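First the structure, in the form of structure tokens, and then the observations on it.
Where a number appears in this text, it was derived from the coordinates with a stated rule and is not lab data. It should be emphasised that the depicted structure is a prediction, and the values quoted were computed from it without experimental measurement. Counting neighbours? That spans all protein chains shown, and the Cβs are built from the backbone with ideal geometry, glycine included.
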Amino acid sequence: MNVNKSHATHKKSRKKPLFISVIFLSVILSIQLFRAREVECYTQFGLCPPDYVGQLTWLVGRTLIQPLPVSKIRNDLKKFPEIKNLNVYRRLPSTLVLAVNLRRPIGAVSSSVLGEATSVDDEGWTYGEATVSGLPLLVLSSPPGQLSPLETQALKALSILSPYSPSRVVGFLKSSILEAHVGASTKVLIDIARPVDSWQPALQKIFDRGRIKSDLPAIIDLRFLDPVVSY
């Protein structure tokens, strides 16, 4: 009986190295098989610009079994300030997919009306040259890397005014008072510290009435509870 037990134990001991060898071989084959042969990159608007993928050629040939180098990818793409964030995915057996979320400009800032303008997103981050000429423009003496909450709110107010203007809306901020130039002849004054819904409905009524009568005001003062309109 002891002989049978010894024989069974010996058979198990022979199977164990074989099992480990199979696992080891499977891992090696997986590492060789699942390698990145292609890097695909998409934004919420479609394919990424070629420059993005051009920064990541080192990913080709990298194994997809190991953890993905997300931090290094983000670091390599920091030179593109329009990128808000990104995620990286595997599409086995051989593709790495980048999902890039781009910043959306709500306006632009510049140190002068005719100066070079910089795009600004809804969080107040400035990035890159403003390529859309119709974006509302906030003129600041020295535009920062990120706008203050008050400056961001001022730019959002200018974007609300944009549909009422046939040309670019330009604004100047002094303390919490925004002076916005809408069209060729209308100036709008807004206290940015007040909630938007405290002045936007009145603004819309004034512009709607002015369009019906073909007589837009010269000044619309929305700093107070009751707007003051001058022709």
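What to note about this one:
- Taken together, 97, 60, 113, 70 contain a single residue that is of a type in the set (A, V, I, L, M), under 22 Å from residue 125 (Cα atoms) and touching a strand residue (DSSP E or B) at 6+ places or on another chain (Cβ under 7 Å), which is 113.
- Listed by first and then second residue, the pairs linking a residue in the range 109-125 that is free of Cβ contacts under 8 Å to residues at least 60 places away in the same chain to a residue that is among the basic types (Lys, Arg) and in a loop (DSSP other than H, G, I, E, B), with Cβ atoms under 7 Å apart and 6 or more places separating them unless they lie on different chains, are 121/103; 121/104; 122/104; 125/103.
- Taken over the range 87-116, the criterion of being within 16 Å of residue 136 (Cβ to Cβ), among the aliphatic types (A, V, I, L, M) and touching a Pro at 6+ places or on another chain (Cβ under 9 Å) is satisfied by 106, 108, 109.
- Qualifying positions in the range 85-104 - of a type outside the set (Ser, Thr, Tyr) and surrounded by fewer than 16 Cβ atoms within 10 Å (Cβ to Cβ): 85, 87, 90, 91, 92, 93, 97, 99, 101, 104
- Residues located in the range 183-208, provided they are loosely packed, with under 14 Cβ neighbours inside 10 Å and of a type in the set (Asp, Glu): 197, 208
- Checked against the criterion of being closer than 16 Å to residue 110 by Cα, among the small types (Gly, Ala, Ser) and surrounded by 14 or more Cβ atoms within 10 Å (Cβ to Cβ), the range 144-166 contains one or more residues that satisfy it.
- Taking the conditions (1) of a type outside the set (Gly, Ala, Ser); (2) buried (at least 16 other Cβ atoms within 10 Å of the Cβ); (3) over 14 Å from the mean Cα position of the chain (by Cα); (4) not in a strand (DSSP E or B) in turn, residue 39 satisfies each one other than (4).
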